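*Asks:* Next up is a structure, given as structure tokens.
The values are calculated or read from the model by the stated rules, or taken from the named source; none is laboratory data. No experiment lies behind these values; they were computed from the predicted model shown. Quick reminder, even Gly has a Cβ in these numbers, built from the backbone with ideal geometry, and neighbours come from all protein chains shown. Areas reflect the complete protein model, heavy atoms only, side chains present, ligands, DNA and RNA absent. Shrake-Rupley method; radii C 1.70, N 1.55, O 1.52, S 1.80 Å.
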Amino acid sequence: MKLGKKLSIGARALQVVGAGLLFLLLLAPGARADQAPFPFRDGDRVVFLGDSITEQRLYTTFLETYLLTRFPNWKLRFRNAGWGGDTSWLQTRGIPPEQALDRDVLFFKPTVVTIDFSMNDAGYGAFRQDLYDRHVNGMRDIVRWLKRGGVRPVVLTTSADENQKTGPILSNYNLVLERFAEGDRQVAKEANAAFADQLHPFFNAIDLIRSTDPKARVSGDAIHPGPAGHLLMADAVLKALNAPRLVSSATLSVDSKARAQETRNCKVTGVQFRDGVLSFDRQDEALPFPIHPEAMPILRLVPVVQDLDDYSLTVKGLEPGSYRVAVDGITLTTVTSDVLASGLNLALLAGPLTDPAQRVMAKVFEKNNLYFERWRAVQLGSSFPDPKGEGAEERRQARLKELDDRVASLEAEIDGLRKPRLHHFEISRAQ
């Protein structure tokens, strides 16, 4: 999917620079209740199952990229099994639901499957008990079939209906979706499965936007969010699942002797303070979670950086004034000594620290789009010439192997890109 659409969002929500962005950069993370263990682990093979919102390959790519960059030493693989128009009873896939699950999901031998339905299940009208029952029973069937195969299911509620009507967003079809979301919660509870609510965080964001523009949307169309909406969804899912927010942090002091006082998830070496210039090398154990450029407007509404990107640098003991922060010879920002003393979040500072994660995300998009072609166009479709002629199956198998090899090559490239590199820092008086 190409991300060329212009985001539709209220004027105030577009102000992602200046004081609002600086606030997000500096905001210290608060405590989060450890309600349940994070459901992902080293060695996982993850499949994202859902309807056209999942098929968009946006929130799923953001989730995948978070896991790849936050845990660069984990062996992880991902596939997207979203299908436009689908429901929890897998009605659009052309074969019985259990067979569809085998063909589209279980063939990958997944250890984790996220399940995201409801938007189509609820019928786009008033609440109907028969559709609700069918949805809940379909979710129960999927969860049961997955658990029977040793898979850890993660149940997700759908995103919101961003209709253009004024008034409270929690009305009309969204009231129906809320009832379906409660059904999803109950299914997860019965099965002791992980659960994440995307619906209510989406409601909150829409209400914030509409406080300044009654007809604004987070992004995308009424049903299919754009990149900003999908980042909101990914943030809600990861936060609900108790995803670690720490990238790494380092606290240095130049009070008497330049030294690293405390480090978490990184190693600081070669600390020197000469002629008013503090220099050191920093080896992080993770990369920051990258924010897609077209998703940046949502940062005015959703504290993604606070939730997922605690990537801090603290320097104590500097004389009052402004300081230039450079990494690998490139100036990232100029801030005051007070900001450095309280902690600067590096997660949104474009340059050597964040570029590698952006490259990872770009390659993940490329890999996921290629796999979608492999699965839908070649394995299940007829995208090559003369699909029923002599030798058609041989040509199909050759094309599948070619695409499988390209997917594997991209996965190997991603694994190399997500390994953190050593960076050289210099902090000096601003001219």
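*Asks:* Please list, in chain and number order, the residues 5+ apart from Ser312 or on another chain whose amide H is under 5 Å from its amide H, with Hs placed from the backbone.
*Replies:* Here the answer is Ser248, Ser249, Ala250, Leu346, since their amide H atoms fall under 5 Å of that of Ser312.
*Asks:* Which one, Phe38, Pro356, Ala398, is farthest towards the positive end of the dipole of the chain when Lys and Arg carry +1 and Asp and Glu -1 on their Cβ?
*Replies:* Pro356
*Asks:* Along the Cα-to-Cβ line of Glu190, 7 Å from the Cα, sits a label point; which residues in region 108-140 have backbone N less than 17 Å from it?
*Replies:* 115-118, 129-140
*Asks:* Mean projection of the alpha-carbon convex hull of region 118-218 over all orientations, in nm²?
*Replies:* On the way: hull surface 25.2 nm².
Here the figure is 6.3 nm², rounded to one decimal.
*Asks:* With loop defined by DSSP as not H, G, I, E or B, and exposure as at most 14 other Cβ atoms within 10 Å, which is the longest segment of the chain clear of exposed trypsin sites (Lys or Arg not before Pro)? Before the final figure, lay out the partial values.
*Replies:* Values: sites that count: Lys2, Lys5, Lys6, Arg32, Arg41, Lys75, Arg128, Lys165, Lys215, Lys257, Lys388, Arg421.
The longest uninterrupted stretch comes out as 258-387.
*Asks:* Describe numerically, in nm with one decimal, the distance between label points set 7 Å from Cα along Cα→Cβ at Gln129 and at Arg395.
*Replies:* So the two model labels end up 5.5 nm from each other.
*Asks:* If you don't mind, there's one more thing I want to ask. Using alpha-carbon pairs under 8 Å, 6+ residues apart, how would you state the relative contact order of the chain in percent?
*Replies:* Working: 814 pairs, mean separation 81.4, N = 431.
Result for the chain is 19 percent.
*Asks:* Please give the per residue accessible area of region 138-296, computed with a probe of 1.4 Å over protein heavy atoms only, in Å². Don't jump to the answer; show the numbers that get you there.
*Replies:* Numbers: 6290 Å² over 159 residues.
Accessible surface, normalised per residue, equals 40 Å².
*Asks:* Only Lys, Arg, Asp and Glu count, each charged at its Cβ (+1, +1, -1, -1), so figure out the dipole size of the chain about its Cα centre, rounded to 20 debye. Don't jump to the answer; show the numbers that get you there.
*Replies:* Values: 55 positive and 53 negative charges, 70 e Å.
So the dipole magnitude of the chain works out to roughly 340 debye.
*Asks:* What list of whole percents do you get for P(r) of the chain, with Cα-Cα distances grouped in 10 Å bins up to the one holding the largest distance?
*Replies:* Spelled out per bin, shortest first, that is 4, 20, 28, 24, 14, 7, 2, 0, 0.
*Asks:* Same structure again: DSSP loop GluC sites (Glu not before Pro) in region 347-429 with at most 10 other Cβ atoms within 10 Å of their Cβ, which ones? Before the final figure, lay out each step's value.
*Replies:* Working: sites: Glu366, Glu373, Glu390, Glu393, Glu394, Glu402, Glu411, Glu413, Glu426; in loops: Glu390.
Qualifying residues, ordered by number: Glu390.
*Asks:* Here's another thing I want to ask about it. Between Ala408 and Lys75, what is the spin-label point distance in nm, taking each point 7 Å from the Cα along the Cα→C-beta axis?
*Replies:* The modelled label-to-label distance comes out at 1.4 nm.
*Asks:* What relative contact order, as a whole-number percentage, does region 57-173 give when Cα pairs under 8 Å and 6 or more residues apart are counted?
*Replies:* Values: 95 pairs, mean separation 29.3, N = 117.
Across region 57-173, relative contact order equals 25 percent.
*Asks:* Between the alpha-carbon centers of region 331-366 and region 49-124, tell me the distance in whole angstrom.
*Replies:* Taking the Cα centre of each part, region 331-366 and region 49-124 sit 31 Å apart.
*Asks:* With only alpha-carbon atoms counted, please give the Rg and Dmax of region 313-361, in Å.
*Replies:* Values for region 313-361 (Cα only, Rg and Dmax): 12.0, 39 Å.
*Asks:* Another question, then. Rounded to the nearest 500, what is the 222 nm mean residue ellipticity of the chain from helices alone, with -39500 (n - 2.57) per DSSP H run of 4+ residues and division by all residues? Write out the running numbers ahead of the final one.
*Replies:* Details: 12 runs with 152 residues, N = 431.
One gets -11000 deg cm²/dmol as the mean residue ellipticity at 222 nm.
*Asks:* In the chain, once you exclude exposed chymotrypsin sites (Phe, Trp or Tyr not before Pro) (DSSP loop, at most 15 other Cβ within 10 angstrom), what's the longest stretch remaining? Provide the component values of the computation, followed by the final result.
*Replies:* On the way: sites that count: Trp74, Tyr124, Phe127.
Longest stretch, sites excluded: 128-431.
*Asks:* On a C-alpha basis, how far is the centre of region 391-424 from the centre of region 240-260 in Å? Whole number, if you could?
*Replies:* One Cα centre to the other: 35 Å.
*Asks:* Would you mind checking which residues have amide H under 5 Å from Gly50's amide H? H placed 1.01 Å from N; only 5 or more apart, or other chain.
*Replies:* Result for Gly50 returns Ala81, Gly82, Trp83, Asp116.
*Asks:* Please give the contour-minus-distance gain from Glu98 to Asn137: 0.36 nm per residue of separation, less the Cα-Cα distance, rounded to one decimal in nm.
*Replies:* On the way: separation 39, 0.36 × 39 = 14.04 nm, distance 1.31 nm.
Residue separation times 0.36 nm, minus the Cα-Cα distance, leaves 12.7 nm.
*Asks:* Now for a different question. Return a whole-number percent for the relative contact order of region 224-315, with Cα pairs under 8 Å and 6 or more residues apart as the contact set. If you can, show how the numbers build up before the last one.
*Replies:* On the way: 132 pairs, mean separation 35.9, N = 92.
With pairs under 8 Å counted, the relative contact order is 39 percent.
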